[in-house]
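Down below is the structure, laid out as structure tokens.
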Amino acid sequence: MKKALLLVAALGVAFAQQAKPEDVIKEQCARAKVVAELWHGFTGGAPKAALENLVMEFNKAQQGRCVRPVPQGGYRDLSTKIKAAFAAGKVPTMAQAFENNIALYLEAKALLPIESLGVKLQGVNLTFLNAVRFGGVVYGVPFNKSIQVLYYNKDLLKKHGVPVPATSRSSWPPQRSSPGPRAAPSTGSSPTPPPSPTSSSTWAGATSRTGSSC
């Protein structure tokens, strides 16, 4: 009988260890007096699991405070819902966002400088930190990063007498005050790698960093 009881107890521990992260977080927040929602665009896989693990560990270390991650679909869905929340005046406490969306959110006066909340930014990689810095002020904490890259066929460009695009930002021509079709560069000049023409937030992010406006 004693062995059977020990077996049941061991099974109970195993089941507890296999509890879904969202159930653990739900229980943590049920006991908290202060709950902060974190909207995100992770739909599954390693990114979502990493976020949930970070949240669970954070919540364990808190007394009466809890972060509740709230999935909002993919990144595009997330952006759309954030903009709708701004319009409705019901913004979440925290939200994941592309850095180029920050320029649009600033226009809505919906963001607070991150350091005004007491967040210390020492030790954060400056490349990532500068991506969320606007007008000298940081409005976010770099969390996960996707990199946009430009690649080209050097042999094909040489065949048609086209100069190799500039790869150094300092060599790009100045940004114009409004986006639109750009004339073909003259011989010997290098074209400015254009932001995605279908993304207004990309244009807003690019121009705000150069002191221009869309």
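Just so it is clear, none of the values below were taken in a lab; they were calculated from the coordinates. These figures come from a predicted structure and were not determined experimentally. Every residue, glycine as well, gets a Cβ built from its backbone with ideal geometry; the counts of neighbours run over all protein chains shown.
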Note to self: Going through the cross-link list Lys20/Lys145; Lys109/Lys145; Lys20/Lys48; Lys81/Lys109, which pairs have a Cα-Cα distance over 18 Å in this structure?
What the structure shows: Lys20/Lys145; Lys109/Lys145
Checklist line | Over 32 Å between alpha carbons, listed pairs Lys120/Lys154; Lys26/Lys120; Lys83/Lys154 | finding: Lys120/Lys154; Lys83/Lys154
Next item on the list: Give me the net charge of Ala84's neighbourhood, meaning all other residues with Cβ under 14 Å from the Cβ of Ala84; Lys, Arg count +1, Asp, Glu -1.
Entry: +3
Check: Which far-off residues, 5 or more places away or on another chain, put their amide H under 5 Å from the one on Phe42, with H placed in the peptide plane?
Finding: Gln72
Note to self: Using amide H atoms built in the peptide plane, which far-off residues or other-chain residues are under 5 Å from Phe134 H to H?
What the structure shows: Tyr139
Margin query: From the phi angles alone, apply the Karplus equation (6.51, -1.76, 1.60; θ = phi - 60°) to segment 59-64 and give each ³J(HN,Hα) in whole Hz, x where the residue is Gly or Pro.
Written below: 4, 4, 7, 9, 10, x
Checklist line | Gain in span if fully extended, Tyr152 to Glu57, counting 0.36 nm per residue against the direct Cα distance | finding: 29.8 nm
Notebook entry, point to check: When the Karplus curve 6.51 cos²θ - 1.76 cosθ + 1.60 is applied with θ = phi - 60°, which whole-Hz ³J(HN,Hα) does each residue of segment 126-136 get, with x for Gly and Pro?
Noted result: 5, 4, 6, 5, 5, 5, 10, 9, 10, x, x
Notebook entry, point to check: Amide H to amide H under 5 Å from Ala95: which residues, 5+ apart in sequence or cross-chain, H placed 1.01 Å off N in plane?
Noted result: Trp39
Item checked: Environment charge at Asp23 (Cβ cut-off 15 Å; Lys +1, Arg +1, Asp -1, Glu -1) -> +3
Next item on the list: Assuming R0 = 22 Å, can you tell me the calculated FRET efficiency for the pair Ala46 and Glu22, based on Cβ-Cβ distance, to the nearest 0.05?
Entry: 0.85
Check: For segment 96-111 and segment 113-163, what is the separation of their Cα centres, given in Å?
Finding: 15 Å
